Amino acid sequence: MKKFHLFFFILLFIVFVESCKNITGTERDVFSKFHKSCEYYRDFDKNPRTIINNEIEFVSPGDWTSGFYPGCLWYAYEITGDTCYLTEAEKHTGLLKNQKDNGTTHDMGFKMFCSYGNGYKITNNKKYKNILLESAKTLATRYNPEVGCVRSWDHHKNQWEYPVIIDNMMNLELLFWAFEQTHDSTYYKIAVSHADKTMKNHFRKDYSSWHVVDYDSVTGKVIKKTTHQGYSDSSAWARGQAWGLYGFTMAYRFTRFKRYLEQAQNIAHYILSNKNLPDDLIPYWDFSLPSYENAPRDASAAAIISSALFELSEYSAENSNYYRTTANKILNNLVKYYQTPGTFPKKYFILDHSTGNYPANSEIDVPIIYADYYFLEAVYRRDTISGKQ
Ligand code: GLY
């Protein structure tokens, strides 16, 4: 009998050791890591973006990623209640104040809604609300009624006349929010028109999307459909698919239009049933590569997909459990296998293995701040969604 006990104990021990082998990170590591980052970045008057040449790259307020670090701080504060995050969130959000008047890019939503938007939701600070409303007003100036979309980029004028990128769906959240606050229907009409045009012109039959659609700014006709950060014009750039999924889920939240919910579910199907999605559900940087040997992943796309699926699980009657289970799987895999190592400078980010712009040989397989932002948002959503329709 004793021998049997000993044998049973050894067996249990082996099973335990084997199951621990793959576990490299826990959620507790995430928050102890982020707390140290918060203390480190306290001494800087700029917001971090990524790592270049083994140094942390900080960006000026005009950079499209400048709102994500303040957004991380707001989510960390909401999740943990630790007031140290609150002080830093206020400081790092304040750095972006003048961006409210920057009409040179569509990235207003990324910059201002992740920082001031989260700040306003949490603090109800009227100054934050006014800055957000100014930002929405500035963003709306980029709308062309002939095209029916907000113009994305002003750069590469020799390449595109009126470029609209799939990422731009994300910036509609600021416009929908401004309509709710002011009841000025201009914001709502712009956002709905942009979403409808995007649905019509950005998507292929299989619900994958082109990255850039170029329009004739006078006739509103499509000139061409191309890529900028994907593998090819006809490929499905992973983060672009994630932006589309998140964008149409969010558009449904504000409008309750069935067509947006169906679009989001069709995009989810494209992503989740894709033969090139790895078993751990963390996409390679593009879904249409000719070979995946040594292809880098994009943890940022995974974090965006997880966050979007948590929200979509609240709206979808038939797929609610599937979306929530999948969002959880992605989150758990990011926590276990994609956290940064504890060495400088990676230790001041949460997630490793994101890919920013592969064709430009920029930010490949590195930590990038927007991966951390959508990861924290996914954690927050997981802990707060009702689980009901
Ligand atoms: N919005 C730019 C990107 O996703 O890289």
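The values are calculated or read from the model by the stated rules, or taken from the named source; none is laboratory data. Since this is a predicted model, take the numbers as computed values, not measurements. Don't worry about glycine lacking a Cβ; one is built from the backbone with ideal geometry, like all the others, and counts go over all protein chains shown. Remember, those area values only see protein heavy atoms, side chains included, never the ligands or the DNA or RNA. Shrake-Rupley method; radii C 1.70, N 1.55, O 1.52, S 1.80 Å.
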Within the range 298-384: Cβ-based charge dipole about Cα centre, in debye rounded to nearest 20 (Lys, Arg +1; Asp, Glu -1)
280 debye
Leaving ligands, DNA and RNA out of it, work out the accessible area of MET170 with a 1.4 Å probe and give it in Å² to the nearest 10.
20 Å²
Here, ASP280 and LYS97, labelled 7 Å along Cα→Cβ, have an inter-label distance in nm of 4.3 nm
The range 119-164 accessible area per residue, 1.4 Å probe, protein heavy atoms, integer Å², reads 49 Å²
So for the range 184-306, using the alpha carbon gyration tensor with a ≥ b ≥ c as root eigenvalues (a/c under 1.5 gives rounded; past that, a/b versus b/c decides prolate or oblate), I'd call it oblate
Not counting ligands, DNA or RNA, and with a 1.4 Å probe, what is GLU90's accessible surface area in Å² rounded to the nearest 10?
80 Å²
Rounded to one decimal in nm, the spacing of the 7 Å Cα→Cβ label points at CYS84 and ASP216 is 6.0 nm
Distant-in-sequence amide H partners of ILE368 (H built 1.01 Å from N, under 5 Å)
SER354
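Rounded, prolate or oblate: which fits the range 33-123 when a ≥ b ≥ c are the square roots of the eigenvalues of the alpha-carbon gyration tensor, with rounded for a/c under 1.5 and prolate only if a/b beats b/c?
oblate
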Under 5 Å, built H, 5+ apart or other chain: amide partners of TRP285:
ASP298
Who wins for biggest fluctuation among THR249, THR87, THR50 in a Gaussian network model of the chain, springs between alpha carbons below 10 Å?
THR87
Give, in nm to one decimal, the length gained when the segment between ASN328 and ASN294 is fully stretched (0.36 nm per residue of separation minus the Cα-Cα distance).
9.6 nm
May I ask you to derive the relative contact order of the chain, considering only C-alpha pairs under 8 Å and at least 6 residues apart, and to give it as an integer percent?
16 percent
Kindly report the accessible area of the range 49-118 per residue (heavy atoms of protein chains, probe 1.4 Å, no ligands, DNA or RNA), in Å².
34 Å²
Expected vector for the range 72-87, Karplus 3J(HN,Hα) from phi with 6.51, -1.76, 1.60 and θ = phi - 60°, integer Hz, x for Gly and Pro, equals 4, 5, 5, 5, 4, 5, 5, 6, 9, x, 6, 5, 4, 5, 5, 4
Give me the distance in nm between label points sitting 7 Å out from Cα along the Cα-to-Cβ direction at LYS224 and ASN53, one decimal.
3.4 nm
Report, to the nearest 10°, how far helix 369-384 tilts away from the longest principal axis of the Cα atoms in the chain, using its own Cα long axis and a range of 0 to 90°.
70 degrees
Out-of-range pairs (alpha-carbon distance over 25 Å; input LYS97/LYS347; LYS157/LYS346; LYS200/LYS258; LYS197/LYS275; LYS46/LYS127; LYS205/LYS258)
LYS97/LYS347; LYS157/LYS346; LYS197/LYS275
ILE51's amide H: which non-local residues (gap 5+, or another chain) put their own amide H closer than 5 Å, with H modeled 1.01 Å from N in plane and none for Pro or chain starts?
GLU57
Nearest 0.05, what FRET efficiency do THR343 and ASP154 give at R0 = 30 Å with Cβ-Cβ as r?
0.15
Whole-number percent relative contact order across the range 311-383, with pairs defined as alpha carbons under 8 Å at least 6 apart
21 percent
In sequence order, calculated HN-Hα J values of the range 284-301 (Karplus, 6.51, -1.76, 1.60; Hz; x Gly/Pro):
5, 5, 8, 7, 10, 6, x, 8, 9, 5, 6, 6, x, 8, 10, 4, 5, 4
From the phi of every residue in the range 219-228, what ³J(HN,Hα) in whole Hz does the Karplus formula 6.51 cos²θ - 1.76 cosθ + 1.60 yield, where θ is phi - 60° and glycine or proline is x?
8, x, 6, 6, 8, 7, 10, 9, 10, 10
With a 1.4 Å probe and all protein chains kept in place, how much accessible area does ASP184 have, in Å² rounded to the nearest 10?
60 Å²
Taking protein heavy atoms only, a 1.4 Å probe, and rounding to whole percent, the accessible area of the chain owed to carbon and sulfur comes out at 52 percent
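What shape does the range 272-389 take by its C-alpha gyration tensor, where a ≥ b ≥ c are the square roots of the eigenvalues and a/c under 1.5 counts as rounded, a/b above b/c as prolate, and the rest as oblate?
Oblate shape, in that a/c is at least 1.5 and b/c is the bigger or equal ratio.
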If the label point sits 7 Å along Cα→Cβ of ASP206, residues of the range 290-333 with amide N under 20 Å come out as 290-293, 295-298, 301-302, 305
Cα long-axis angle, helix 126-140 against the chain (0 to 90 degrees, to the nearest 10)
60 degrees
Mind telling me which of ASP45, ASP206, ASP29 comes out most flexible in a GNM of the chain, alpha-carbon contacts under 10 Å?
ASP206
